[in-house]
Amino acid sequence: DSTIGFWAAKTRLAEQCGVERIAFELHPLHVVYNVPTLLSFRSRVGPLIGANLDPSHLFWQQMDPITVIRALGPAVFHVHMKDTQLMPEQLPLAGVLDNRSFATPAERAWVFRTVGRGHPAAYWGRLVEALRDVGYDDALSIEQEDPYATQEEGVREAAAFVRTLLSNMTGSPARG
């Protein structure tokens, strides 16, 4: 189809320009949005294609990021550290594809949260461990979209949270 042809041409050009990886975020209404669509797309376009794994998008879709990591393995190219909180009173009414305004987070079925505010540290520890198990040894990028925290507050809190996660895993302080 035309999408495959378009991206096959773009990956050839990217390779010619020295680009080693193109990461697609798994997100509804995008070219790839889950494990089957990413793996199918990758098999048709080539190994230059991988995932920008944003657990927050997977949480609100009711997917398990750890299972996704294990299924994608070396196709995980980049990782966002961002959480999601499901709103049990709104979820049955608006569902996981709720697209109401983020300006009124209490009226949404789900909202983005600073990493660790939606899921406990133990979960995030298992997620980082899964990343290591599949050979991911790259950036854990903080993406701050928590409506209940300022940009600075959310980033500082997330950085401290991630630093603690990494420190707990290695038994020594994480690099800055």
Inset, instruction - State whether the residues of the stretch 17-35 include one that is over 14 Å from the mean Cα position of the chain (by Cα), in a loop (DSSP other than H, G, I, E, B), closer than 23 Å to PRO120 by Cα and among the hydrophobic types (A, V, I, L, M, F, W, C). - result: no
Inset, instruction - Determine if the stretch 55-74 includes at least one residue that is under 15 Å from the mean Cα position of the chain (by Cα), farther than 16 Å from LEU127 by Cα and among the polar types (S, T, N, Q). - result: yes
Inset, instruction - Answer with yes or no whether ASP146 is acidic (Asp, Glu), in a loop (DSSP other than H, G, I, E, B), surrounded by 12 or more Cβ atoms within 10 Å (Cβ to Cβ) and in contact with a helix residue (DSSP H, G or I) (Cβ under 9 Å, 6 or more places away or on another chain). - result: yes
Inset, instruction - Mind listing whichever residues of the stretch 1-28 are surrounded by fewer than 14 Cβ atoms within 10 Å (Cβ to Cβ) and more than 30 Å from GLN61 (Cα to Cα)? - result: ALA9, ARG12, LEU13, GLU15, GLN16, CYS17, GLY18, VAL19
Inset, instruction - Check ALA130, ALA122, ALA160 and return the single one that is closer than 25 Å to ALA71 by Cα, open to solvent by 40 Å² or more (accessible area, probe 1.4 Å) and not hydroxyl-bearing (Ser, Thr, Tyr). - result: ALA122
Legend entry - Residue match in the stretch 109-125 (condition: part of a helix (DSSP H, G or I) and closer than 27 Å to ARG21 by Cα): yes
Inset, instruction - Might you let me know whether the stretch 46-54 holds any residue that is over 29 Å from PRO147 (Cβ atoms), hydrophobic (A, V, I, L, M, F, W, C) and open to solvent by 10 Å² or more (accessible area, probe 1.4 Å)? - result: yes
Inset, instruction - Confirm whether TYR136 is in a loop (DSSP other than H, G, I, E, B), among the hydroxyl-bearing types (Ser, Thr, Tyr) and either open to solvent by 20 Å² or more (accessible area, probe 1.4 Å) or in contact (Cβ under 8 Å) with a residue 12 or more places away in the chain (or both). - result: yes
Inset, instruction - Return only the number of the condition from (1) more than 17 Å from PHE24 (Cβ to Cβ); (2) surrounded by fewer than 16 Cβ atoms within 10 Å (Cβ to Cβ); (3) modelled with pLDDT of 95 or more that SER141 does not satisfy. - result: (1)
Inset, instruction - Tell me, yes or no, whether the stretch 99-108 has at least one residue that is aromatic (Phe, Trp, Tyr) and in a loop (DSSP other than H, G, I, E, B). - result: yes
Inset, instruction - Kindly establish whether PRO74 is farther than 23 Å from VAL162 by Cβ, open to solvent by 70 Å² or more (accessible area, probe 1.4 Å) and either modelled with pLDDT of 95 or more or in contact with a helix residue (DSSP H, G or I) (Cβ under 8 Å, 6 or more places away or on another chain) (or both). - result: no
Legend entry - The lone exception for THR84 - which of (1) of a type in the set (Val, Ile, Thr); (2) in a helix (DSSP H, G or I); (3) open to solvent by less than 60 Å² (accessible area, probe 1.4 Å) it fails: (2)
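The values are calculated or read from the model by the stated rules, or taken from the named source; none is laboratory data. Every value quoted in this text rests on a predicted model; they were computed, and no experiment measured them. Backbone-built Cβ (ideal geometry, glycine too); neighbour counts: all protein chains shown. Ligands, DNA and RNA are excluded from the accessible area calculation, which covers all protein heavy atoms including side chains. Shrake-Rupley method; radii C 1.70, N 1.55, O 1.52, S 1.80 Å.
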